[in-house]
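Each remark here refers to the structure printed beneath this line.
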Amino acid sequence: MSDYPFLFSPTTIKNLTLANRVVMPPMGTNLGNDDGTVSPANVAYLKRRAKGRPGLIITEITAVHPSGIVTPNQLGAYDDRFIPGLKLLADVVHQAGGKIAMQIHHAGRESVFLLSEGKALAPSAVPSIVYRRTPKEMTREDIQEIITAFGAAAARAREAGYDAVEIHAAHGYLLTQFLSALSNRRTDEYGGVTLKERARFVLEVIAEVRRRVGPDFPVSIRVSAEEHIRGGYTIEEMQDLAPDLVRAGADIIHASIGTHGSPGAITQATPEYAPGFNAPLARKIKEKVSVPVIAVGRFNHPEQAEAVLARGDADLIAFGRQFLADPDFLIKAKEGRSADIRRCIACNQGCIEREMLGEGNIRCSINPETGQELIYPQGPAAEPKSVWIVGGGPAGLTAAYEAARLGHRVTLFEQETELGGQIRFARIPPYKGVYGEWIEWQAEQVRKAKVEIRLQTPVTRALLETHRPQKVILATGGEKIIPAVEGINLPHVTDAWQILSGAVAPKDHILVVGGGLIGMETADFLTERKKEVTLVEMLERSPVRKITSHGFMLHQRLQEKNCRLLFGTTLRAVREGSVEIERQGERQSLAPIDQVVLAVGLKPRNALQAVLTELNIPFTVVGDARQPRRIFEAVEEGAQAAWEL
Ligand SMILES: Cc1cc2nc3c(=O)[nH]c(=O)nc-3n(C[C@H](O)[C@H](O)[C@H](O)COP(=O)(O)O)c2cc1C
Ligand code: SF4
């Protein structure tokens, strides 16, 4: 019997039979063509996920009307010309033995693109919380047109061979804008004081979709179980509404959480939220309806999902980012290889934030294949080479694994006693343990891939001269920057790495120097231990942006724990019991300070480059050794170097 009997049990909803209880929820990819049609990259991405055999794949937000697109390349279903491309998506999922639903969507005011053109629509002319611009209030004709458009898009989904549709009424898009008292100020029948009153538009959309797809075709509605924002609707109100959604024609309720502007991006929850944290809200909805309910929220291992299903809190479990981090996780679970699952670390760097910040299409910080399916080499390499990887941090481990996977003969050198590079320290601050789990997973995969690992082995000129590998990948990381400041060599000056590793015990009144991630996370670590912390950073604004979910959480915690953050401030001198700082051209003394913790950052460690050049051994520099950055870049460059061997 499977380790996860509930997860692998089939279920039938109307005319749709799902092989298991796992749903891949909709995730916008930014991979579409510029005209909103399906691109080869869309197809390759979805095919790869379908190979992982979830019971149901719900595809990304697909626009029902040009007035509701988030970006020009968002997939569309508002014209018959989209059908052939959409059919390709349905085909790849069916060929893999899966089922597919289309998420139909209208952005309302949450489209910076339409807001900037003055074309965004919403129930009322209330500015977007995120983009701070004001949409146009929809007329009753607009409302009717959009209701009709939802029905027409659903009919196209059916025509394109989809097995179901999902109406997107969550996360702050148009349908939520009608549901929310914060955005719906209408005085006609589409407004109202209660959630039930404001739900009229949503109920009419469901009814129209049902009318167009017929009685047997499953219709899911995705809602935010609660808005999770001050003044937003509550789970109790949603519990009250849920039976109405079913009466209007919904066959499935997909219980997500949060809205645009919810603090800390709870919709794509960070490691502060435990896996499955949102399942209790799914249960609350389930108590009120007899249709299946999907739970979602940071599930990254089948075990957690199995427990939720066994308790009867939900009927289906959506794993979103987990399908980006490891599309094969379900197969691994079925085959009893759960330890091989690469678990999503909820960093949001490579996926949602990359897209929201306009950095590019969907990717994953820890899985270099995701979003690059068209260029991902399957191997084996035509000409296996002897490859040395120098450095066992994220970049080096990724390079080693990818090179070995492609059939190269790989030796990985690490001068320390253990693998992990910077992650050995980055895993220590609050809520960063997931990074440690990831690096351990990566090290284990490298071992399983038969990479020869040489710990405590610095690569020297002599070693290189003797063995002359065909190719070297330099992933030697970075070295600490020590600022030239008076008193910097005093015994009470230490650094973030010494503190995090426990080599130096923290004192009581601490100055952290440097407000990048290392400094902020070290301050988090110290305030957690009830230390009094002041942090100084030369830049006027924090380099850790609050717009990222991790940045938001860090700033919030440091503020709550009374950490003093001084931006635009430079350390000028360290003395016994105090420091001298400079702010806006003025020097001042800070006391008491009994410990100074340097976290000024890293500079590339690249001494071997000159040696390799001299010896005429080809090499590539990756990760922090090229320029200290995030794990996203380390993994990307490590993989790329291996692919190009
Ligand atoms: C890159 C990305 C894109 C997303 N796009 C959508 C979307 O198109 N429609 C939607 O309803 N939710 C979207 N979501 C939210 C996910 O469906 C899911 O609810 C969320 O990621 C939480 O689940 P998880 O913790 O399992 O990832 C997106 C999430 C991510 C990470
Ligand atoms: S980028 Fe981070 S949050 Fe997104 S899927 Fe990958 S590991 Fe998860």
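The values are calculated or read from the model by the stated rules, or taken from the named source; none is laboratory data. Keep in mind it's a predicted model, so treat the numbers as computed, not measured. Note that each Cβ is placed from the backbone with ideal geometry, even for glycine, and that neighbours are counted across all protein chains shown. Ligands, DNA and RNA are excluded from the accessible area calculation, which covers all protein heavy atoms including side chains. Shrake-Rupley method; radii C 1.70, N 1.55, O 1.52, S 1.80 Å.
Excluding ligands, DNA and RNA, what is the solvent-accessible area per residue of segment 576-645 at a probe of 1.4 Å, expressed in Å²?
48 Å²
Give me the percent of the accessible area of segment 11-356 that comes from carbon and sulfur atoms, probe 1.4 Å, all protein chains in place.
Answer for segment 11-356: carbon and sulfur cover 50 percent of the accessible area.
Nearest 5 percent is fine: what portion of the DSSP beta bridges confined to segment 493-600 is antiparallel?
Around 40 percent of the beta bridges assigned by DSSP in segment 493-600 are antiparallel ones.
Report the residues of segment 132-158 in range of a label on Asn33: point 7 Å along Cα→C-beta, backbone N strictly under 20 Å from it.
Residues 153, 156-158 qualify, since their backbone N sits under 20 Å from the label point.
List the lysines whose Cα lies under 19 Å from the Cα of Lys196, skipping any in the same chain that are fewer than 8 positions away.
Partners within reach: Lys284, Lys286, Lys288.
Tell me which of Leu241, Tyr190, Gly297 sits at the most positive position along the dipole axis of the chain, charges placed on C-beta atoms (Lys, Arg +1; Asp, Glu -1).
Gly297
Computed FRET efficiency, Cβ-Cβ of Glu437 and Glu197, R0 30 Å: what is it to the nearest 0.05?
Calculated value: 0.05.
Using Cα positions and a limit of under 20 Å, work out the lysines in reach of Lys385, with same-chain residues fewer than 8 apart set aside.
Qualifying lysines at Cα under 20 Å: Lys448, Lys450, Lys471.
Got a sec? Which residues in segment 303-341 would a label at Thr12 touch, if it sits 7 Å along Cα→Cβ and we count backbone N under 14 Å?
none
For a quick size check, give me the Cα extents of segment 88-238 along its three principal axes, largest first, whole Å.
45, 36, 29
Would you please put 617-626, 52-61, 420-429 in order of how densely packed they are, using the mean number of other Cβ atoms within 10 angstrom per residue and starting with the highest?
52-61, 617-626, 420-429
Sorting check: for 70-80, 290-300, which peptide has the highest mean count of neighbouring beta carbons within 10 Å, and how do the rest follow?
Result, highest mean Cβ count within 10 Å first: 290-300, 70-80.
What does the accessible area of Phe552 come to, in Å² to the nearest 10, when a probe of 1.4 Å is used?
60 Å²
Starting from the Cα coordinates of the chain, work out the convex hull volume and express it per residue in Å³.
In the chain, the Cα hull volume divided by residue count equals 168 Å³.
By DSSP, what percent of the beta bridges with both residues in the chain are antiparallel, rounded to the nearest 5?
Antiparallel: roughly 20 percent of the beta bridges in the chain.
With only alpha-carbon pairs counted, each pair once and no self-pairs, how large is the Kirkwood hydrodynamic radius of segment 493-600 in angstroms?
Radius from the Kirkwood sum: 13.6 Å.
Taking all protein chains in place and a 1.4 Å probe, what share, in percent, of the accessible surface of segment 493-600 do carbon and sulfur account for?
Its accessible area is 46 percent carbon and sulfur atoms.
222 nm [θ] for the chain, helices only, -39500 (n - 2.57) per DSSP H run of 4+, per residue, to 500?
-9500 deg cm²/dmol
Rounded to the nearest 10 Å², what accessible area does Lys546 show when all protein chains are kept and the probe is 1.4 Å?
120 Å²
Can you give the accessible area per residue of segment 398-527, in Å², using a 1.4 Å probe?
Averaged over the residues of segment 398-527, the accessible area is 42 Å².
Give the relative contact order (percent, whole number) for the chain; include only Cα pairs under 8 Å separated by 6+ residues.
Relative CO of the chain lands at 10 percent.
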